[in-house]
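Chemist: Quick one: the structure is below, and I'll ask about it shortly.
The values are calculated or read from the model by the stated rules, or taken from the named source; none is laboratory data. Computed from a predicted model, the values in this text were never measured in an experiment. All Cβ positions, even for glycine, are placed from backbone atoms using ideal geometry, and neighbour counts span all protein chains on display. When the accessible area is computed, the model is the full protein with side chains, heavy atoms only, and any ligands, DNA or RNA have been set aside. Shrake-Rupley method; radii C 1.70, N 1.55, O 1.52, S 1.80 Å.
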Amino acid sequence: MDLKRVVLSLICCAMLSLAFLSCTSNQSSKPQTADLMLRNGAIYTMDAARSWASTIAISGGAVVYVGADSGAEKWIDPQTRVIDLQGKMVLPGFHDSHVHPVSGGLELSQCNLNGSISAAEVFQKIREYAAANPDKKWIVGGGWDLPIFPNANPHKKQLDELVPDRPAYLVAADGHSAWVNSRALEIAGITKDTPDLAEGRIERDPKTGEPSGTLRELATDLVSKHLPELIAEDYLQGARRGLELANRFGITSLQEASATDKILEAYAELDRRGELTARVVAAMYVDPAKGEAQVDSLITKRRRHQSKHLRANAVKIFADGVIESQTAALLEPYLDKPGDRGIANLEPGYFNTLVTRLDREGFQVHVHAIGDRGIRYALDAFEHAQKVNGKRDSRHLMAHLELIDPQDISRFRQLGVIANFQSLWAYADEYIVKLTEPKLGPQRSRWLYPIASVAKTGALLVGGSDWSVSSMNPLDAMQVAFTRQRLEGGNGKAWIPEELVDLQTMLTAYTIAGAYANFQEDKIGSLEVGKAADLIVLDRNIFECGTQDVHRATVLLTLLEGKEVFRHESFKDALTAE
Ligand SMILES: [Zn+2]
């Protein structure tokens, strides 16, 4: 090192220590002030005591004050932006613990059938999309609801009429079935002689054995592998759209429920550009066929994606399918299909070995489990991992949990497995009435979405939307959890009322428990001094608005680390008023 450099570094050191000294003396003489202060609000902090406050002050992205209006003046200086909330509600930003923002965002630019209430509406949308996109080589999209079609089984003939000139591939809203036309079957080489896969089914004409146009689970890959490849820019756009929607619903933190390499790369690119507007923990997709051979590459990807807002610390395993299309793994057969207990994607011994290895490597394992057998196999795998590896702070998650055998309910708590419910599904809609209860009978149906039973054991509950499978709005899911009725026009009768939980439980699931599930409860999940200012403003206090109106509450403002990531147009004036 030459003399000039030594002198320079000495000067730098001196300046740094001066700056440090002036900073500390400054702190003792004049308190730090806030960049933003929200006053006169109904602030539900979600701290351990579940305290309420009326003012919150933010500086440098962190909460510096939360409490009464009267104690807050010292945080104001001429630069502080002060907003009078006029009684509006403030909550920590929501956590969606099971969501697919990128693939859902991609769907928004494809043939989007989400929200269609009849076959006629589905047909109309397909017709319009095909006409509006004459240059597309394939018609690709999805979002059709299973109960719209008899036996959840749409026919290729209908799709041939709607799209006669090109192949078409349309995924069901739940992502576990695809409806294809004859052209698509032809390209994939699927004929009546094509055998079913162990983890999938080709629906067929019962008389001729000809494929009828609906594919279940991994059988969908036979066609999807021929789809025109999406490029990185498509994924980036999808991620942007998905995250924009998340912020609109007050979501500031999430667990991406099935990250492929391309999805992971889209998040990473947004992160590099400073455009990642939610904290993402990515659960990387585990291919059941590749087993332990893929673990090294998962470890490499985990190492590569460790930033403040993106961490690829989790892995995703699909234990089974869904009940409606009879691919969920059940302990007893489906009533209308004697001897058929559905499809377990991983047999117990293999499941145990794989989970134990992933647990040992320090991954958080996020399992899709719907049928009581799929759920049992997953719990057994976690128990096995604990026996072999010892009890770790692993925070494994099981999502969906549609049908839990009563014997297994206490095991979530015992094993420290987080119960990740999609409570929006827990009411008697057509999926339940037409496609689920008839296949299970009343006795087993009692144990559909047993949210309260699991909560009562002391297990940790988190919530997720599974968007684009269903609405991403956390308030929709919360309302169904404490009403177990449809959001609009319920008949006042809860479906399986024993399993009702309260708003408090659901708020916990969507805030501090969600933060815990992402290993961030010391930084976010509640509004406390020193924590990041991830928060939302709602137009009303959801404790006071009536249980049927909670889903009508609107998010007016969403902050991630004090930075605005969404603002409702009606809130504009309020922000600039003072
Ligand atoms: Zn999912």
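Chemist: Evaluate the charge dipole of region 236-291 about its Cα centre and quote only its size in Debye, nearest 20, assuming +1 on the Cβ of each Lys and Arg and -1 on the Cβ of each Asp and Glu. Each step should come with its number before you reach the end.
Modeler: Working: 8 positive and 8 negative charges, 29 e Å.
Result for region 236-291 is approximately 140 debye, rounded to the nearest 20.
Chemist: Same structure, new question: At 1.4 Å probe size, with no ligands or nucleic acids counted, give the accessible surface of Leu222 in Å², nearest ten.
Modeler: 40 Å²
Chemist: To the nearest 10 degrees, how steep is helix 232-248 against the longest Cα principal axis of the chain, on a 0 to 90 scale?
Modeler: Once rounded, the angle reads 70 degrees.
Chemist: If you roll a 1.4 Å probe over region 227-364 with all protein chains in place, what percent of the accessible area is carbon or sulfur? It would help to have the intermediate numbers written out before the result.
Modeler: Values: 2760 of 5390 Å².
Carbon and sulfur together cover 51 percent of it.
Chemist: Output wanted: per-residue J couplings in Hz (rounded whole) for region 270-277, from phi through Karplus 6.51 cos²θ - 1.76 cosθ + 1.60, θ = phi - 60°, x for Gly and Pro.
Modeler: 4, 4, 4, 7, x, 10, 7, 9
Chemist: Could you check how much of the accessible area of region 383-422 is carbon and sulfur, as a whole percent, using a 1.4 Å probe?
Modeler: Working: 680 of 1540 Å².
Of all accessible area on region 383-422, carbon and sulfur atoms account for 44 percent.
Chemist: Next question. Sequence-distant or interchain residues sharing an amide H contact under 5 Å with Val90, placed H: which?
Modeler: Ala42, Ile43, Tyr44, Leu538
Chemist: List the residues, sorted by chain then number, that are 5 or more residues from Leu36 or on another chain and whose placed amide H is less than 5 Å from its amide H.
Modeler: Those qualifying (amide H under 5 Å, at least 5 residues apart or on another chain) are Ile58, Arg81.
Chemist: Can you tell me the FRET efficiency between Arg127 and Lys225 if r is taken as the Cβ-Cβ distance and R0 is 22 Å, rounded to the nearest 0.05? Could you put the intermediate results ahead of the total?
Modeler: On the way: r = 27 Å, r/R0 = 1.21.
Result of the calculation: an efficiency of 0.25.
Chemist: Also, I was wondering about something else. Angle check, please: helix 119-132 long axis (alpha carbons) against the longest principal axis of the chain (alpha carbons), in degrees 0 to 90, nearest 10.
Modeler: Around 70 degrees separate the two axes.
Chemist: Sticking with this structure for a sec: Highest mean first, how do 67-79, 344-356, 433-445 rank when packing is the count of other Cβ atoms within 10 Å averaged over residues?
Modeler: Numbers: 67-79: 13.0, 344-356: 19.8, 433-445: 15.8.
Ranked by mean Cβ neighbours within 10 Å, highest first: 344-356, 433-445, 67-79.
Chemist: Over region 438-578, give the accessible area per residue in Å² for a 1.4 Å probe, as an integer. It would help to have the intermediate numbers written out before the result.
Modeler: Details: 5400 Å² over 141 residues.
Computed with neighbouring chains in place, this is 38 Å² per residue.
Chemist: Show me, for region 280-291, the HN-Hα J-couplings you get by feeding each phi into the Karplus relation (A = 6.51, B = -1.76, C = 1.60, θ = phi - 60°), rounded to Hz, glycine and proline as x.
Modeler: Once θ is set to phi - 60°, the couplings for region 280-291 become 10, 9, 9, 9, 6, 4, 9, 7, x, 6, 8, x Hz.
Chemist: As I understand it, the value is the acute angle between the Cα axis of helix 372-389 and the longest principal axis of the Cα atoms of the chain; what does it come to in degrees, rounded to 10?
Modeler: 50 degrees
Chemist: Under a 5 Å amide H to amide H cut-off, with H placed in plane at 1.01 Å, what residues pair with Asp320 once short-range neighbours are removed?
Modeler: Sorted by chain and number, the residues that satisfy this are Asn345, Ile370.
Chemist: Please list Ile409, Ile512 in order of solvent-accessible area, largest first, computed with a 1.4 Å probe with all protein chains present.
Modeler: Numbers: Ile409 15, Ile512 35 Å².
Solvent-accessible surface, decreasing: Ile512, Ile409.
Chemist: At 1.4 Å probe size, what's the solvent-accessible area of Ser103? Round to the nearest 10 Å².
Modeler: Looks like 40 Å² after rounding.
Chemist: Take Phe519, Phe149 and sort them by solvent-accessible surface of the protein heavy atoms, 1.4 Å probe, largest at the top.
Modeler: Details: Phe519 75, Phe149 10 Å².
So, going from the largest accessible area down, we get Phe519, Phe149.
Chemist: Pairs of Cα atoms under 8 Å, at least six residues apart: use those to get the relative contact order of region 345-424, whole percent. Walk me through the numbers before you get to the answer.
Modeler: Numbers: 112 pairs, mean separation 26.1, N = 80.
It rounds to 33 percent for region 345-424.
Chemist: On the protein heavy atoms, probe 1.4 angstrom, tell me the percent of accessible surface of region 490-543 carried by carbon and sulfur.
Modeler: Numbers: 1030 of 1960 Å².
Answer for region 490-543: carbon and sulfur cover 52 percent of the accessible area.
Chemist: Could you size up the charge dipole of the chain around its Cα centre, putting +1 on the beta carbon of Lys and Arg and -1 on that of Asp and Glu, and report it in debye to the nearest 20?
Modeler: Dipole of the chain, to the nearest 20 debye: 1040 debye.
Chemist: Loop-only GluC sites (Glu not before Pro) in region 464-523, please: DSSP not H, G, I, E or B, and at most 13 other Cβ atoms within 10 Å.
Modeler: Working: sites: Glu488, Glu498, Glu499, Glu521; in loops: Glu488, Glu521.
Here the GluC sites (Glu not before Pro) that fit, given the DSSP loop and packing criteria, are Glu488.
Chemist: Averaging sequence separations of C-alpha pairs under 8 Å and six or more residues apart, then dividing by the length of region 456-553, give the relative contact order as a whole percent.
Modeler: Answer for region 456-553 is 28 percent.
Chemist: So for region 435-578, taking the charge dipole from beta-carbon charges (+1 Lys/Arg, -1 Asp/Glu), which of Ile524, Ala459, Leu503 sits furthest toward the positive end?
Modeler: Projecting each Cα onto the dipole axis, the largest value belongs to Ala459.
Chemist: Out of Pro450, Ser182, Asn491, whose Cα points farthest toward the positive end of the dipole of the chain (charges: +1 Lys, Arg; -1 Asp, Glu; placed on Cβ)?
Modeler: Pro450
Chemist: Sticking with this structure for a sec: Take the Cβ-Cβ distance between Lys192 and Ser570 as r, set R0 to 56 Å, and report the resulting FRET efficiency rounded to the nearest 0.05.
Modeler: After rounding, the FRET efficiency stands at 0.45.
Chemist: With θ set to phi - 60°, apply the Karplus curve 6.51 cos²θ - 1.76 cosθ + 1.60 along region 33-39 and write out the HN-Hα couplings as whole Hz, x wherever there is a Gly or Pro.
Modeler: 10, 9, 6, 9, 10, 10, 10
Chemist: Heavy atoms only, 1.4 Å probe, whole protein assembly: order Ser526, Ser182 by accessible area, highest first.
Modeler: Working: Ser526 5, Ser182 40 Å².
Output order, biggest surface exposure first: Ser182, Ser526.
Chemist: Here's something else I'd like to know. Nearest 0.05, what FRET efficiency do Ala289 and Arg392 give at R0 = 30 Å with Cβ-Cβ as r?
Modeler: Details: r = 27 Å, r/R0 = 0.90.
The computed FRET efficiency comes out at 0.65.
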